[in-house]
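As structure tokens, the structure follows; a few thoughts come after it.
Every read-out reported here was derived from the displayed coordinates using simple, explicitly stated rules and does not represent laboratory data. Just so it is clear, the model here is predicted, and its values are computed rather than measured. Here the Cβ is made from the backbone with ideal geometry for all residues, glycine too, and neighbour counts use every protein chain on show.
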Amino acid sequence: MPNQNSPTRYNAVAQAFHWIIAALIVTQFTLGWTAQFLPLGARKVARLDWHKSFGMTILTLAVLRLLWRLFNRPPELPAGMTTIEKSLARATHVLFYVLLFVMPLTGWMMSSAKNYSVSWFHQFTWPNLIGPNEQAFNLLRTTHDTLSWLLFALALLHILAALKHHFWDKDDVLKRMLPFTKTEKRS
Amino acid sequence: MKKLALAATSTLIIAAATAAAATAAAADSVASFTAAAEQSRLEFAGVQAGAEFKGVFHKFTASVEFAPDALASSRIDVQIDMNSVDTMDKDRDTTIRSKDVFDVSHNPTAHYVTKTVTKTATGFAAVGALTLRGVTKDVPIEFQFAPAAGGAKLSGSAKLNRLDFGVGQGEWKSTETIGDAVKINFSLVLKPKT
């Protein structure tokens with residue numbers, strides 16, 4: 001498969017993966033963090049029902065996105081970046097990919113451990129990954145919660161870095177992921 | 001010759017009458033059983049947030065009078081300890097026992113007793129009165145009866161709608177969160193009543 005990204009821009013597929021998953025993650029934080037404060041009841045069950053359906057959507061998209069990423073190299077980072085900056089940027093992105101899998105998987109396992117099978121928008125039910133186990137549930141919930149903070153911090157860093165590249169370094173790092181914009185051809 | 005024929009005929013009549021009497025006696029005789037608690041299971045499956053969940057009742061007693069050729073006098077009577085509900089999650093079990101769902105403090109037991117038992121193509125069917133959360137309604141069941149060493153096995157299933165019995169008040173009335181239909185599965189290991 002040829003590389004579909006241009007040397008200076010992410011193409012439409014890569015951009016779609018990025019922005020759809022970004023929007024879903026914002027939705028997930030809203031649903032997941034607010035559900036914690038609801039008393040055990042029908043409203044909480046309903047909110048977590050959406051959270052699980054969106055989470056499984058993210059997991060499915062993460063699989064497709066990783067496959068896509070394996071065959072399509074991203075555009076080169078600006079030449080002006082130092083080696084350390086490039087390594088940091090790469091590490092951040094690897095961690096994003098890891099969390100794209102680990103967050104839904106720990107969530108799915110949490111549901112399995114609590115014997116609450118995961119439905120996908122009431123269309124079908126995903127199989128349970130592990131059997132009912134209260135101790136496993138508590139451990140998984142702590143992991144899922146802690147990693148949500150890590151993801152939040154990482155997203156913040158990611159956004160600030162993109163803005164720094166755009167406004168401080170004045171390079172095309174932000175623009176190449178933005179739809180409806182153009183990036184200059186590098187000489 | 002005529003005498004002989006008469007004698008033969010009367011013998012036949014006596015034989016037929018004896019056979020009929022024996023059948024009539026059999027029709028009234030059902031075997032009495034109780035379910036062995038350790039080996040018997042009473043399960044249910046509901047739908048929560050679009051996904052099926054299963055639960056069991058650990059404590060229940062069943063008294064069965066049954067004979068495949070005496071269905072008119074056959075009867076299944078089950079008492080269920082609603083507190084013994086177990087869906088393998090403490091939070092859900094607490095909710096299920098609460099006032100809005102099973103309301104176990106006011107309705108600690110559920111009771112099912114059959115009214116009619118009939119033969120079907122594949123086994124047996126019965127219609128019985130189920131008293132659940134203070135509401136009594138007819139619920140049909142389908143089951144198989146298999147004699148076994150030292151007793152028999154009775155297994156089958158039923159379907160009911162939880163809202164018919166008021167199981168789910170207030171916020172738990174919504175069938176979007178918790179489905180109305182509930183499946184029941186039972187497998188009773190029967191021992192002769194002593």
message = I'd like the distance between the alpha-carbon centres of segment B:79-147 and segment A:23-68, rounded to an integer number of Å.
response = 35
query = What value, in deg cm²/dmol to 500, does the helix sum -39500 (n - 2.57) over DSSP H runs of n ≥ 4 give at 222 nm once divided by the residues of chain B?
reply = -6000 deg cm²/dmol
remark   = Taking R0 as 30 Å and r as the Cβ-Cβ distance between B:Ser29 and B:Val127, the FRET efficiency 1/(1 + (r/R0)^6), rounded to the nearest 0.05, comes to 0.85
key: Projected label distance in nm at A:Trp149 and B:Ala67, using a 7 Å step from Cα toward the beta-carbon   = 7.2
Exposure rule at most 16 other beta-carbon atoms within 10 Å, DSSP loop GluC sites (Glu not before Pro): chain B longest free segment = B:39-175
request  = Based on a Kirkwood Rh over C-alpha pairs, give the Stokes-Einstein translational diffusion coefficient of the protein assembly as shown at 20 °C and viscosity 1.002 mPa s in µm²/s.
outcome  = 82
task = For A:Leu105, put the label point 7 Å out on the Cα→Cβ axis and report which residues of segment A:121-157 keep their amide N under 14 Å from it.
result = A:129-130, A:144
request  = Run the dipole for the protein assembly as shown about the Cα centre, Lys and Arg Cβ at +1, Asp and Glu Cβ at -1, nothing else charged, and hand back the magnitude in debye, nearest 20.
outcome  = 800
inquiry  = With an 8 Å Cα cut-off and a minimum separation of 6 or more residues, compute the relative contact order for chain B in percent.
reply    = 22
ask   = What chymotrypsin sites (Phe, Trp or Tyr not before Pro) does segment A:27-70 have in DSSP loop regions with at most 14 other beta carbons within 10 Å?
value = A:Phe37
query = About its Cα centre, how strong a charge dipole does segment A:45-131 have in debye, to the nearest 20, once Lys and Arg get +1 and Asp and Glu get -1 at the Cβ?
reply = 40
inquiry  = Restricting to DSSP H runs of at least four residues, report the calculated mean residue ellipticity at 222 nm for chain A, -39500 (n - 2.57) per run over all residues, nearest 500 deg cm²/dmol.
reply    = -22500 deg cm²/dmol
ask   = Taking only the alpha carbons of chain B, what extent do you get along each of the three principal axes, in Å, biggest first?
value = 88, 29, 29
key: Global size of segment B:101-194 as Cα Rg and Dmax, reported in angstrom   = 15.7, 49
Peptide B:44-56, shielding by other chains (average Cβ, 10 Å cutoff) = 5
inquiry  = Please compute the contact order of chain A in relative form: average sequence separation of alpha-carbon pairs under 8 Å and at least six residues apart, divided by the residue count, as a percent.
reply    = 25
ask   = Which value, in Å to one decimal place, does the Kirkwood hydrodynamic radius take for segment A:69-130 when every pair of different Cα atoms is included?
value = 14.7
key: Three-way shape call for chain A based on the alpha-carbon gyration tensor, with the a/c threshold at 1.5   = prolate
note = Cross-link reach from A:Lys182 to lysines, straight Cα distance under 20 Å and at least 8 residues apart if same chain, gives A:Lys164, A:Lys170
request  = Over the alpha-carbon set of segment A:1-72, divide Rg by the Kirkwood Rh and report the Rg/Rh ratio to two decimals.
outcome  = 1.17
